[in-house]
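K.L.:
First the structure, which I've put down as structure tokens, then a few questions once you've had a look.
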Amino acid sequence: MLDEGITRGLAEIGGAKFYYEIAGEGAPLVLVHAGIADRRMWDEQFADFARHYRVIRYDRRGFGETETVAEPYSHHRDLSDLLDFLGLERAFLVGCSQGGKTIIDFTLEHPGRTRGLILVASALSGFTFAEAMPRQWRELEMADEAGDVERVNELELQIWVDGPQRRPEQVDRNVRERVRLMNYIALKKSVETGEEQALEPPAVGRLGELRVPTLIIIGDLDTRRTQATADFLAEQIAGARKVVMEGTAHLPNMERPQEFNHHVLTFLSGDG
């Protein structure tokens, strides 16, 4: 990624200092990362998208270089406050996993501020899925109770980066290790984070309120729960388009960045 022409800063929001980066000119496009990553998961998107848009990426509360404080918070309110801090009234929003939940909740709270949604392996507040947890879940809980951060990290990589159909050695080693580093930082910080305040009522029953162009991207190797969420989003959001990226799990933008970038830029150009 080109390092020139990038503005870096800290925004004081809700008692914490949020690290952000901005590149490019044009309509604002905000990238919101997953819960196992930080802003760097978008390394292969940041410069490419900045050729067409004013791209903003940031570390959410408790991730990367953003502080964590033991106070109640909500990620969608943090996003709203960040846009206010940057003087941005409206933006295109790209969110992965928990980042997808964040931008859905934000749009429901501030419908006039979103120009378009790109939901990548998105979570959804209030969504339930009646199926057994991943096979690693019990061991993950035990490792968490024992304070074994390294083991928790590896098990989360198996669930999300590998997905239920692949072994670790079948996944790009560079992608796996990049996520391991990002997730380790978040796991170490999580003990200091305050209680998250959920959107009320949750988004699961309010998707009919979304009136913006929406693209849904899902990997065919992702968990069944995430795929079910993508199907539900596609059914409930009027006019939404769904794209399945083959051979990828929960972070398709990192596994197949060129294909991912093509899908997003085509959608944003109005040709998707």
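K.L.:
Do we find that GLY112 is open to solvent by less than 40 Å² (accessible area, probe 1.4 Å), out of contact with any helix residue (DSSP H, G or I) (no Cβ under 6 Å at 6 or more places or on another chain), of a type outside the set (D, E, K, R) and at pLDDT 95 or above in this structure? Working first, answer last.
P.N.:
Details: open to solvent by less than 40 Å² (accessible area, probe 1.4 Å): no; out of contact with any helix residue (DSSP H, G or I) (no Cβ under 6 Å at 6 or more places or on another chain): yes; of a type outside the set (D, E, K, R): yes; at pLDDT 95 or above: yes.
Taking the combined requirement at face value, the residue does not satisfy it.
K.L.:
Please determine, by comparing only the residues of the stretch 196-209 that are touching a helix residue (DSSP H, G or I) at 6+ places or on another chain (Cβ under 6 Å) and part of a loop (DSSP other than H, G, I, E, B), which one is least open to solvent (accessible area, probe 1.4 Å).
P.N.:
This residue is LEU199.
K.L.:
Mind checking which pairs have a first residue in the stretch 63-77 that is at positive phi and touching a residue at least 24 places away in the same chain (Cβ under 8 Å) and a second that is crowded, with 22+ Cβ neighbours inside 10 Å and small (Gly, Ala, Ser), Cβ under 9 Å, 6 or more apart or different chains?
P.N.:
Taking only residues 6 or more apart or on different chains, the pairs are GLY64/ALA37; GLY64/ALA186.
K.L.:
Would you check if GLY15 is open to solvent by less than 10 Å² (accessible area, probe 1.4 Å) and either out of contact with any strand residue (DSSP E or B) (no Cβ under 8 Å at 6 or more places or on another chain) or over 22 Å from GLU259 (Cα atoms) (or both)?
P.N.:
Working: open to solvent by less than 10 Å² (accessible area, probe 1.4 Å): no; either out of contact with any strand residue (DSSP E or B) (no Cβ under 8 Å at 6 or more places or on another chain) or over 22 Å from GLU259 (Cα atoms) (or both): yes.
So GLY15 does not fit the description; no.
K.L.:
Pairs under 9 Å by beta carbon, first residue surrounded by fewer than 14 Cβ atoms within 10 Å (Cβ to Cβ) in the stretch 231-249, partner of a type outside the set (Asp, Glu) and part of a helix (DSSP H, G or I), six or more apart or different chains?
P.N.:
Correct list of pairs: GLU235/LEU207; ALA238/LEU207; ALA238/GLY208.
K.L.:
I'm trying to understand the selection: among the residues of the stretch 216-225, which are surrounded by 17 or more Cβ atoms within 10 Å (Cβ to Cβ) and touching a strand residue (DSSP E or B) at 6+ places or on another chain (Cβ under 7 Å)?
P.N.:
ILE216, ILE217, ILE218, GLY219
K.L.:
Which of (1) open to solvent by 10 Å² or more (accessible area, probe 1.4 Å); (2) under 25 Å from ILE159 (Cα atoms); (3) charged (D, E, K, R) does ASP59 not meet, given it meets every other one?
P.N.:
(1)
K.L.:
Could I ask something else about it? Can you tell me which residues in the stretch 62-83 are under 13 Å from TYR20 (Cβ atoms) and either out of contact with any strand residue (DSSP E or B) (no Cβ under 8 Å at 6 or more places or on another chain) or open to solvent by less than 30 Å² (accessible area, probe 1.4 Å) (or both)?
P.N.:
PHE63, GLY64, THR66, ASP78, LEU79, LEU82, LEU83
K.L.:
What number of residues in the stretch 55-107 are assigned to a helix (DSSP H, G or I), under 22 Å from ARG225 (Cα atoms) and of a type in the set (A, V, I, L, M, F, W, C)?
P.N.:
Qualifying residue count, the stretch 55-107: 2.
K.L.:
Ok, one more. For ILE36, indicate whether it is assigned to a strand (DSSP E or B), open to solvent by less than 30 Å² (accessible area, probe 1.4 Å) and either aliphatic (A, V, I, L, M) or closer than 21 Å to HIS250 by Cβ (or both). It would help to see each step written out before you state the result.
P.N.:
Details: assigned to a strand (DSSP E or B): no; open to solvent by less than 30 Å² (accessible area, probe 1.4 Å): yes; either aliphatic (A, V, I, L, M) or closer than 21 Å to HIS250 by Cβ (or both): yes.
When the stated conditions are applied, ILE36 does not pass them.
K.L.:
Name every residue in the stretch 130-180 that is part of a loop (DSSP other than H, G, I, E, B), open to solvent by less than 80 Å² (accessible area, probe 1.4 Å) and under 17 Å from LEU221 (Cβ atoms), in order of residue number.
P.N.:
GLU131, PRO134, GLN136, GLY163, ARG166, VAL171
The values are calculated or read from the model by the stated rules, or taken from the named source; none is laboratory data. Predicted model, so just to flag it, every value in this text is computed and none were measured. Here Cβ is always computed from backbone atoms with ideal geometry, including for glycine, and neighbour counts include all displayed protein chains. In case anyone asks, the SASA skips ligands and DNA or RNA and just uses the protein heavy atoms, side chains included. Shrake-Rupley method; radii C 1.70, N 1.55, O 1.52, S 1.80 Å.
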